1. Could you list the trypsin sites (Lys or Arg not before Pro) in region 103-166 that lie in coil according to DSSP, counting only those with at most 13 other Cβ atoms within 10 Å of their Cβ?
2. Please get the size of the charge dipole for the chain, origin at its Cα centre, with Cβ charges of +1 on Lys and Arg and -1 on Asp and Glu, quoted in debye to the nearest 20.
3. Starting at the first residue of region 88-95, write each ³J(HN,Hα) from the Karplus equation 6.51 cos²θ - 1.76 cosθ + 1.60 with θ = phi - 60°, in whole Hz, x for Gly and Pro.
4. Compute, for region 1-73, the length of the dipole vector about the Cα centre, with Cβ point charges of +1 (Lys, Arg) and -1 (Asp, Glu) only. Units Debye, rounded to 20.
5. Have a look at Thr28, Met130, Ala106 and report the one farthest towards the positive end of the charge dipole of the chain, computed about the Cα centre with Cβ charges (Lys/Arg +1, Asp/Glu -1).
6. Taking the Cβ of Trp97 as the centre, find all other residues whose Cβ is under 11 Å away and add up their charges (Lys, Arg: +1; Asp, Glu: -1).
7. Under the rule a/c < 1.5 gives rounded, and otherwise a/b versus b/c splits prolate from oblate, where does region 1-101 land using the Cα gyration tensor?
8. How high is the relative contact order of region 111-178, in percent, with contacts defined as C-alpha pairs under 8 Å that are six or more residues apart?
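The values are calculated or read from the model by the stated rules, or taken from the named source; none is laboratory data. Note that the structure is predicted; figures quoted are calculated from it, not measured. When we count neighbours, we look across all protein chains shown, and the Cβ atoms used for this are built from the backbone with ideal geometry, even at glycine. Please note that ligands, DNA and RNA were not included when accessible areas were found on the heavy atoms of the full protein model with its side chains. Shrake-Rupley method; radii C 1.70, N 1.55, O 1.52, S 1.80 Å.
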Amino acid sequence: YEAAVAGGIPAVKALREGLAANRITEVTGILNGTCNYILTTMRESGRDFEDVLAEAQALGYAEADPAFDVDGIDAAHKLAILVGVAFGTPINIEDVWVEGIRRISALDIRYAERLGYRIKLLGVARKGPMGVEARVTPCMVPHSTSIAHIEGVVNAVAVQGDPIGRTVFEGPGAGGGA
């Protein structure tokens, strides 16, 4: 159960036990190591999505049918689990806005870099007065943030809470060891 959410990161235990005294207001994460690998490799090599996806499949990071990963569905399921743990309220997967990375081009990544950003597929859940908002979408993340520097098959989960503030957990997210 734990490894199904963020690979080698004990995010569920951290939320359920380590941060239990906090009022969690936001959970943000790179929840799919395959997508993070693809976006990282596209940025580093300048290659397009399809070429890097084929490489990820050859390395065993992506399935033969990669739709669950690259269309954001896997990350949405993981985010829904984190929402239940962090906010104590279940969320239906149909209530998570989902957009994957298929349409991200090498040109998009180059322009983002020139503007001081990295493109990451993020799962974001916020609890507000109207309830919980949850989405999985490619995001422009400023270079100045720690999550912008999570590369390759690594996952990360950032939690905003009161009184703790912001905490970030990172670790392996794809491949056999994770």
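1. Working: sites: Arg103, Arg110, Arg114, Arg118, Lys120, Arg126, Lys127, Arg135, Arg166; in loops: Arg103.
Filter output for region 103-166: Arg103.
2. Values: 16 positive and 22 negative charges, 131 e Å.
With only Lys, Arg, Asp and Glu charged at Cβ, the dipole is about 640 debye.
3. Calculated HN-Hα couplings, in order: x, 9, x, 9, 6, 4, 5, 8 Hz.
4. On the way: 5 positive and 12 negative charges, 107 e Å.
With Lys and Arg at +1 and Asp and Glu at -1, about 520 debye.
5. Met130
6. On the way: positive: Arg135; negative: Glu94, Asp95, Glu99, Glu133.
Surrounding charge for Trp97 is -3.
7. Numbers: a/c = 2.46, a/b = 2.05, b/c = 1.20.
It is prolate, given that a/c is not under 1.5 and a/b is the larger ratio.
8. Values: 88 pairs, mean separation 15.2, N = 68.
Result for region 111-178 is 22 percent.
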